[in-house]
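The values are calculated or read from the model by the stated rules, or taken from the named source; none is laboratory data. Worth saying up front: this structure is predicted, and the values here are computed from it rather than measured. When we count neighbours, we look across all protein chains shown, and the Cβ atoms used for this are built from the backbone with ideal geometry, even at glycine. Surface accessibility is based on the protein's heavy atoms, side chains included, excluding ligands, DNA and RNA. Shrake-Rupley method; radii C 1.70, N 1.55, O 1.52, S 1.80 Å.
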Amino acid sequence: MQRCALLESTASSPILYHLIPNPHFLLTPPHPMVRAFAPGKCILFGEHAVVYGHPAVAVAIDSGVEVSLTESDSWTIEGMAFDSWRHPHISHILYDVFEYEGPPLKMDISSGLFSAAGLGSSAALSNAMGAAIHSLMRPGETLDSVELARIGHSAEAKAQGGRASPTDTAASALGGCVVVSAKKVEGTRHIFDASLETPEGKRNWSICKVDLPAEFDASLVLGFTGVGSPTGDMVAGVAKLLAEEPERHADMSAIANITQAGLTALSAGNLRAVGMAMDACHERLQALQVSSPALDALVEAARPHSFGAKLTGAGGGGCMVALTDDPQRVSEAIEIAGGRPLISSLGAKGVRTLD
Ligand code: MEV
């Protein structure tokens with residue numbers, strides 16, 4: 001099979017590529033192995049509401065997913081035969097986006113994230129895979145994190161029944177603190193725009209960044225319930241609730257206001273106000289029926305030692321998050337309440353290739 005180089009298309013879709021023979025390949029030996037890492041994310045405000053164009057604020061976390069690719073005689077993933085049907089994100093990136101036609105790959109994936117827990121593990125996997133494939137097919141060329149965020153979003157949308165905001169993939173690709181909304185939010189730096197045809201109509205998002213103040217001296221503690229959070233089902237459940245009980249749109253609008261207040265508090269480094277907004281956001285997510293007794297129990301356990309706590313991500317199970325200046329104590333409280341804690345800083349670096 002022929003090894004190829006990628007050239008970005010000038011056609012309407014920014015994520016389509018044309019393949020041309022790579023003259024380099026004739027002169028240089030094949031790259032034996034490439035590695036890339038992408039962080040997970042934590043949504044501080046606005047999950048679910050963002051699917052309807054309201055703003056969400058997410059930060060990249062310290063833990064994430066590492067992908068390594070090695071050319072091989074057969075296609076494997078984690079030592080097992082690779083079946084593209086069972087790995088839609090990966091096959092979408094390999095074949096639909098990069099139109100990979102090179103030799104079979106041995107794919108190894110290691111994750112520091114609880115899986116299906118609302119920490120953006122699938123977005124991190126998409127981004128790390130995209131970065132690794134990019135590095136394999138275009139050695140030496142600069143990685144475009146915006147391009148990867150777009151690719152990851154298209155993979156998420158495919159896996160989530162056409163309803164996915166670009167929040168997870170943008171936070172993981174860009175790193176730091178990301179604000180995603182139908183229109184640019186005041187006080188943020190615009191990075192790129194995204195759109196998607198969903199079952200409820202076309203959605204447009206503006207993806208922006210916010211610099212957290214240097215004196216922002218607090219940590220996040222994530223608490224995993226041990227129960228998976230099926231994002232597609234949870235998003236579909238909210239769509240059904242809104243169709244049956246249109247008055248629930250008031251909770252969406254309330255989340256939008258809370259998100260704005262939380263963002264203002266974050267930018268000012270006002271930890272107490274951020275915490276209050278997190279508590280208020282959790283109540284609205286409960287009203288949208290995406291919390292669970294296990295999530296509520298972990299949130300309650302963390303609150304006495306935190307500025308605030310709420311579920312994070314799609315809910316139904318998955319994780320809660322607390323903002324605290326005593327992460328050890330909050331971790332212990334979460335563990336005693338039956339959860340699995342993970343401490344992180346706010347706003348880790350985004351996707352990158354590794355040497
Ligand atoms: C999932 O991490 C966040 C949701 O808002 C879905 C999405 O944004 O695609 C529930």
### Task
Determine the per residue accessible area of the chain with all protein chains present and a 1.4 angstrom probe, expressed in square angstrom.
42
### Query
Which value, in debye to the nearest 20, gives the size of the charge dipole of the chain about its Cα centre, when Lys and Arg are +1 and Asp and Glu are -1 at the Cβ?
360
### Query
Given 0.36 nm per residue, what is the gain on full extension from residue 354 to residue 233 after removing their alpha carbon distance, in nm?
40.1 nm
### Task
Could you pull out the pairs from 106/202; 184/240; 41/209; 310/349 whose alpha carbons sit more than 26 Å apart here?
106/202; 184/240
### Summary
Computed from the beta carbon distance with a Förster radius of 25 Å, FRET efficiency for residue 345 and residue 159 to the nearest 0.05 stands at 0.30
### Task
Go through 73, 326 and list them by solvent-accessible area, largest first, probe radius 1.4 Å.
73, 326
### Message
Per 0.36 nm of contour for each residue apart, how much would the distance between residue 264 and residue 81 grow if the chain were fully extended, relative to their Cα-Cα spacing?
### Response
61.0 nm
### Taking the C-alpha atoms of the chain, convex hull volume expressed per residue in Å³
130
### Query
When the helix-only estimate is applied to the chain (DSSP H runs of n ≥ 4, each -39,500 (n - 2.57), divided by the residue count), what is the mean residue ellipticity at 222 nm, nearest 500 deg cm²/dmol?
-10500 deg cm²/dmol
### Task
Identify all aspartates and glutamates with a Cα-Cα distance to residue 158 below 12 Å; exclude those on the same chain that are fewer than 8 residues away in sequence.
96, 197
#### Entry: Extreme residue, positive dipole direction of the chain, given options 323, 69, 268 (C-beta unit charges)
268
## Note on the structure
Simple spin-label estimate for residue 73/residue 248, 7 Å along Cα→Cβ, in nm, reads 5.4
### Size descriptor, Kirkwood hydrodynamic radius, that averages inverse alpha-carbon separations across segment 60-131, Å
12.7
### Summary
Carbon plus sulfur, as percent of the 1.4 Å-probe accessible area of the chain, comes to 53
